[in-house]
Amino acid sequence: MLEPTELPKTVKTPDSGETPKTVKTTNIPKTPHPSKTSLEPSKTPETKESPSLSVELAAQDVRRVIDQQKEQNQTLTTKLNILFVTNGALFTSLTVSRLVFFPGVFSLAELLGFLVNFTLLINAFLPRQLAISPNLGDKKFLERYLVLSPEEYQLQMIVNLVETYNANKQRLEDVSSSLQYAAYVTWSLALVITLHVLAIYFLPTIDFSSFG
């Protein structure tokens, strides 16, 4: 703490005409400069990224993948409807044109192809129980999860979502395989029907003797 400085004092002299003498004051102590460390802001140690933030980011990524899986399921449903409509149109055209009633190899191949194709489509159409998380049908859901801390709850939900993704992935792969085989059979049916039309309506009108 700095001591108060003394102000200059004048000494009174008798009225003899002499100038008053001033008494020298003590040296004023200089105010010490603050240390450099006091001027610089105190450096706080760098804090690492909190685990809760990492868990939250991981949960967002997992949910994003689950949403993409749902979009893939909707895409497969759209393809299933397209293949059903296409095969229905092909079968209707064969019935109206009565090509399927002509006995022969083409008619047999067409009937067999439609049987296989509709079997594959119905297999893809059959409802499959999709896994969901959290499963509200579990009566112990509240007792099991609500006692956890927020971070532990998020970690458990991530584990459940990963298991849900793997379970639904297998179901989607089964549907995708059925639709892929059905698409190949549909293309084969279109080829057989085209050859059948050529054999019935065009080949008999061609005079092969003219090429001899």
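The values are calculated or read from the model by the stated rules, or taken from the named source; none is laboratory data. All values derive from a computational prediction rather than experimental measurement. Note: ideal-geometry Cβ built from the backbone for every residue, glycine included; neighbour counts use all protein chains shown. The protein model used for the area step is the full one, side chains on, heavy atoms only, and it has no ligands, DNA or RNA in it. Shrake-Rupley method; radii C 1.70, N 1.55, O 1.52, S 1.80 Å.
What a 1.4 Å probe finds exposed on the stretch 70-164 is 68% carbon and sulfur by accessible area, rounded to a whole percent. Whole-Hz Karplus values for the stretch 143-149 come out as 5, 7, 10, 6, 8, 7, 6 Hz, taken residue by residue from phi with 6.51 cos²θ - 1.76 cosθ + 1.60 and θ = phi - 60°; glycine and proline positions read x. In order along the stretch 191-198, the Karplus-derived 3J(HN,Hα) couplings, from 6.51 cos²θ - 1.76 cosθ + 1.60 at θ = phi - 60°, round to 5, 5, 5, 5, 5, 5, 5, 5 Hz, and Gly and Pro are given as x.
Counting only other residues whose beta carbon sits under 12 Å from that of R144, what net charge do I get with K and R as +1, D and E as -1? The partial results should precede the final answer.
Values: positive: K139, K140; negative: D138, E143, E152.
After counting each charged neighbour, the total is -1.
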